[in-house]
Amino acid sequence: MSSIGDYNIIMSDRNIFNSIVYTPLSEALNIIRERRNDPSIVAKIEELLKGDIPEVLKDNICGIQFRQIATPNHDARHFLSITTDNGLKPVFFEYLDDKFTSNNEFKHSLGQLRIHGEVNKNDSYPIEKITIVDFANHDGKKLRDVLTVWNEPLQDFHRKLFKVHKHNIDDITFYDASEWLHRNGGTAKEYYKNFFLLLICNGVLFENFLLNDDDALFTQNIVLPSIDFAIAMTGLKPLIVPIGPLDMETDSHWISYHQEIKKIIPN
């Protein structure tokens, strides 16, 4: 395969999109292990990336989630459960040099926590929102410089949330990929190409790429060309596994938290 085809057609048909972009988990697990045992594939990726491969991805068979700041919302906890159950080393690629903005739904959820209550008799659940960042004072700052309203670095607060859920953070790699991303293009259009080369034999990405609203532009203009690039360079498809039910891709459940985290939020 030299090209994945017409992007407009792929974006217009969910079944075509899924077959082009995703690999079922069971297949991805077999493929990543086969590729890691093929010296020619490993050497090819080393050559294409000029040896610039994060050590954790060289030393382990990894599951990857790319988030500006890692946080144990429902999405991330599901990721940790899948990787642990399937013998993958969980790695969060963080981008702490990225800019904080209230206009991005995920970044907004880092500063205003959405906390689920218990499911009620109507099979719905109340959502409590707790704002922990002064958005007006932090919009445009690097995420590593954003503070909570009680002056704790935002990244430190979210790291503590993993302990609330009894996750052993020593078993998780939190990789600040900022320098790697700068070296590999500096913009999403460029660094996603090399990031997807890492998904040939150095890790499996767990992600849902969206097909509606503004996210569709990112998927069509960044994700699909990066898949095309990886295939053109290697003849192999990057390994991407959907993280949750695809018909719930925009459900705010995935970026919300269990109410247990409230116990470490200062009053």
So if I check each of Asn137, Asn194, which one is polar (S, T, N, Q) and under 29 Å from Glu260 (Cβ atoms)?
Asn137
Among the candidates Glu207, Glu179, which residue alone is among the acidic types (Asp, Glu), modelled with pLDDT of 95 or more and loosely packed, with under 15 Cβ neighbours inside 10 Å?
Glu179
Output for Cβ contacts, cut-off 7 Å, separation at least six or different chains, first residue in contact (Cβ under 8 Å) with a residue 12 or more places away in the chain and over 15 Å from Gly51 (Cα atoms) in the range 172-195, second surrounded by fewer than 18 Cβ atoms within 10 Å (Cβ to Cβ) and acidic (Asp, Glu), reads Ser178/Asp97
Expected output for the range 200-222 (first residue within 17 Å of Ser19 (Cα to Cα), partner part of a loop (DSSP other than H, G, I, E, B) and of a type in the set (Gly, Ala, Ser), Cβ below 7 Å, 6+ apart or cross-chain) is Asn208/Gly244
Within the range 6-59, how many residues are among the polar types (S, T, N, Q) and more than 25 Å from Ile82 (Cα to Cα)?
3
Does the range 11-44 hold any residues that are assigned to a helix (DSSP H, G or I), charged (D, E, K, R), within 30 Å of Asp215 (Cβ to Cβ) and out of contact with any Leu (no Cβ under 8 Å at 6 or more places or on another chain), and which are they?
Glu27
One residue is enough: does the range 66-73 have a residue meeting the conditions out of contact with any Lys or Arg (no Cβ under 9 Å at 6 or more places or on another chain), among the basic types (Lys, Arg) and either within 24 Å of Arg159 (Cβ to Cβ) or surrounded by 20 or more Cβ atoms within 10 Å (Cβ to Cβ) (or both)?
yes
Can you tell me which of Asp213, Asp171 is farther than 30 Å from Ala43 by Cβ, at pLDDT below 95 and not aromatic (Phe, Trp, Tyr)?
Asp213
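The values are calculated or read from the model by the stated rules, or taken from the named source; none is laboratory data. Everything numeric here is computed off the predicted structure, so don't read it as measured data. Every residue, glycine among them, receives a Cβ derived from its backbone with ideal geometry; neighbour counts consider all protein chains shown.
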